[in-house]
1. Does A:L201 meet the test of being touching a residue at least 12 places away in the same chain (Cβ under 8 Å), within 10 Å of chain B (Cβ to nearest Cβ), more than 17 Å from A:D120 (Cα to Cα) and open to solvent by less than 30 Å² (accessible area, probe 1.4 Å)?
2. How many residues are out of contact with any Leu (no Cβ under 9 Å at 6 or more places or on another chain) and either surrounded by fewer than 21 Cβ atoms within 10 Å (Cβ to Cβ) or more than 20 Å from B:S149 (Cα to Cα) (or both) when one looks only at the range A:138-179?
3. Out of all the residues in the range B:31-58, which are touching a helix residue (DSSP H, G or I) at 6+ places or on another chain (Cβ under 7 Å) and at positive phi?
4. Would you confirm, using the coordinates I've provided, whether B:R156 is at the interface with chain A (Cβ under 9 Å from one of its Cβ atoms) and either in contact with a strand residue (DSSP E or B) (Cβ under 8 Å, 6 or more places away or on another chain) or at pLDDT 95 or above (or both)?
5. Hey, A:M77 hits all of (1) assigned to a loop (DSSP other than H, G, I, E, B); (2) touching a residue at least 12 places away in the same chain (Cβ under 8 Å) but one; which does it fall short on?
6. Look at the range B:155-214 and say how many of its residues are part of a loop (DSSP other than H, G, I, E, B) and of a type outside the set (K, R).
7. Taking the options A:R233, A:R178, name whichever one is at the interface with chain B (Cβ under 7 Å from one of its Cβ atoms) and either of a type outside the set (G, A, S) or touching a Gly at 6+ places or on another chain (Cβ under 8 Å) (or both).
8. Going through the range B:1-17 one residue at a time, which ones are touching a residue at least 40 places away in the same chain (Cβ under 8 Å) and of a type outside the set (G, A, S)?
2 protein chains.
Amino acid sequence: MSINIYDRDDFFEEYNKLERSQKGLDGALEWPLLRDMVGDVKDARILDLGCGMGWFCEWAVKEGSKSVRGVDISNNMLERARARVPQGTFDRADLETFTLKDDDQYDLVYSSVALHYLPDITRLVGQVYAGLVPGGRFVFSVEHPVFTSPRHAGWRWDPDHPSEKIWPVNAYSDESKRVTNWLAEGFEKYHRTMETYLTTLLSAGFRLVALKEWMVTEETVALNPGWRYERDRPLFLLISVEKPA
Amino acid sequence: MSINIYDRDDFFEEYNKLERSQKGLDGALEWPLLRDMVGDVKDARILDLGCGMGWFCEWAVKEGSKSVRGVDISNNMLERARARVPQGTFDRADLETFTLKDDDQYDLVYSSVALHYLPDITRLVGQVYAGLVPGGRFVFSVEHPVFTSPRHAGWRWDPDHPSEKIWPVNAYSDESKRVTNWLAEGFEKYHRTMETYLTTLLSAGFRLVALKEWMVTEETVALNPGWRYERDRPLFLLISVEKPA
């Protein structure tokens with residue numbers, strides 16, 4: 001079963017205060033890079049896995065997509081998505097067991113920071129591959145393996161160089177649940193290696209189009225000096241793959 | 001100019017004591033995984049970039065390759081390679097400026113832990129692409145970006161969890177020279193991100209075949225308990241790409 005912390009009141013209350021919850025895509029710093037990877041969605045049939053509040057579906061409708069469908073495990077999220085995007089179809093489903101119908105055909109499958117809630121993505125990636133038209137793309141973001149690997153995540157002062165911070169990578173080979181205290185106690189996610197993400201995609205038949213390791217830009221740091229450590233380790237992994245035509 | 005520490009006597013003396021210098025490929029723990037990625041080399045025309053002492057070329061000759069050519073910047077290394085593999089062709093060249101002739105055609109270009117000595121690999125990757133036959137492969141290993149990123153590499157005890165070790169990732173976005181003291185003072189190499197390696201290869205026209213993050217196996221740790229931290233962060237990055245047929 002995938003993790004569903006978004007229906008926990010204490011977490012959701014805090015989540016609602018985030019810029020990405022208040023402002024949508026414009027509040028998500030990685031969105032410009034992800035949007036470039038998504039490209040033109042005019043006339044596209046789109047499936048959004050872990051659609052959350054429906055921000056991406058709303059954007060896709062405005063950009064002229066042919067149809068948008070969102071799937072999420074959280075009733076809190078789906079309620080907002082349905083209100084935001086009346087043109088869309090929104091279904092409650094656990095991505096770990098989510099199954100496409102034989103006649104579902106998509107030009108783009110999208111997923112933003114959702115797949116790291118799943119203990120395994122092999123089955124889902126197979127579903128996505130089957131549901132895409134030849135030449136169709138799967139574009140997604142997840143928390144970066146460097147970010148998810150630590151047994152105890154969080155910056156440390158370097159004991160050997162006290163003016164510098166370090167990100168405490170360990171347990172990289174241990175692909176299992178990690179528990180942190182992001183927004184609420186007991187925030188859970190799954191660590192997977194870069195090798196596993198790519199091998200799973202290639203084994204399903206996908207071709208790698210692009211891989212990006214998102215960090216804040218120099219320009220952002222110039223405006224927000226406190227964020228300079230966000231150039232010290234990658235936070236998000238963004239991947240675009242294509243089903244060969 | 002690429003880094004050439006292998007012609008420095010203090011370093012080379014220490015390097016010669018390593019298992020991989022004494023035993024060749026069988027002394028390199030990542031070799032079994034890399035060999036699987038290389039696959040069958042029978043009748044193949046092979047180019048080895050940073051051929052070192054010629055261990056791989058020797059193996060390829062034994063496996064029935066059609067021709068082997070090695071390139072290295074180090075005279076120390078080339079001298080040993082020529083003695084080891086009289087059937088091979090060995091040239092001294094700096095990989096940063098190394099250029100293939102128009103009629104050079106290879107089925108496999110191989111490189112083992114050499115490309116992180118180059119400040120930039122874009123030009124070389126273009127040369128490799130041009131020199132491969134359609135369907136030919138480029139298979140290489142480098143030090144993993146997680147391993148190369150730290151400003152000050154080396155395990156730390158976790159200040160917050162004193163019984164655990166952490167690998168101090170920082171400066172990940174800073175693609176530049178790193179200086180460590182591996183085998184000798186002032187061992188230099190270049191850090192590059194995973195994104196840069198993959199983007200450079202894809203931009204040149206290559207298709208990703210496989211990507212592996214080498215760590216010691218559980219079996220190795222069972223035999224050598226002191227190596228257990230080598231499952232805590234990836235040491236080598238192994239990549240196989242193909243020139244589309």
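The values are calculated or read from the model by the stated rules, or taken from the named source; none is laboratory data. Predicted model, so just to flag it, every value in this text is computed and none were measured. Note that we place each Cβ from the backbone using ideal geometry, even for glycine, and neighbour counts take in every protein chain shown. What goes into the accessible areas is simple: the full protein's heavy atoms, side chains included, and nothing from ligands, DNA or RNA. Shrake-Rupley method; radii C 1.70, N 1.55, O 1.52, S 1.80 Å.
1. On the way: touching a residue at least 12 places away in the same chain (Cβ under 8 Å): yes; within 10 Å of chain B (Cβ to nearest Cβ): yes; more than 17 Å from A:D120 (Cα to Cα): no; open to solvent by less than 30 Å² (accessible area, probe 1.4 Å): yes.
Taking the combined requirement at face value, the residue does not satisfy it.
2. Final tally of qualifying residues: 23.
3. Scanning the range B:31-58 gives B:G52, B:G54.
4. Against the criterion (at the interface with chain A (Cβ under 9 Å from one of its Cβ atoms) and either in contact with a strand residue (DSSP E or B) (Cβ under 8 Å, 6 or more places away or on another chain) or at pLDDT 95 or above (or both)), B:R156 qualifies.
5. Here A:M77 clears every test but (1).
6. 20
7. A:R233
8. Result: B:M1, B:I3, B:N4, B:I5, B:Y6, B:D7, B:R8, B:D10, B:F11, B:F12, B:E14, B:Y15.
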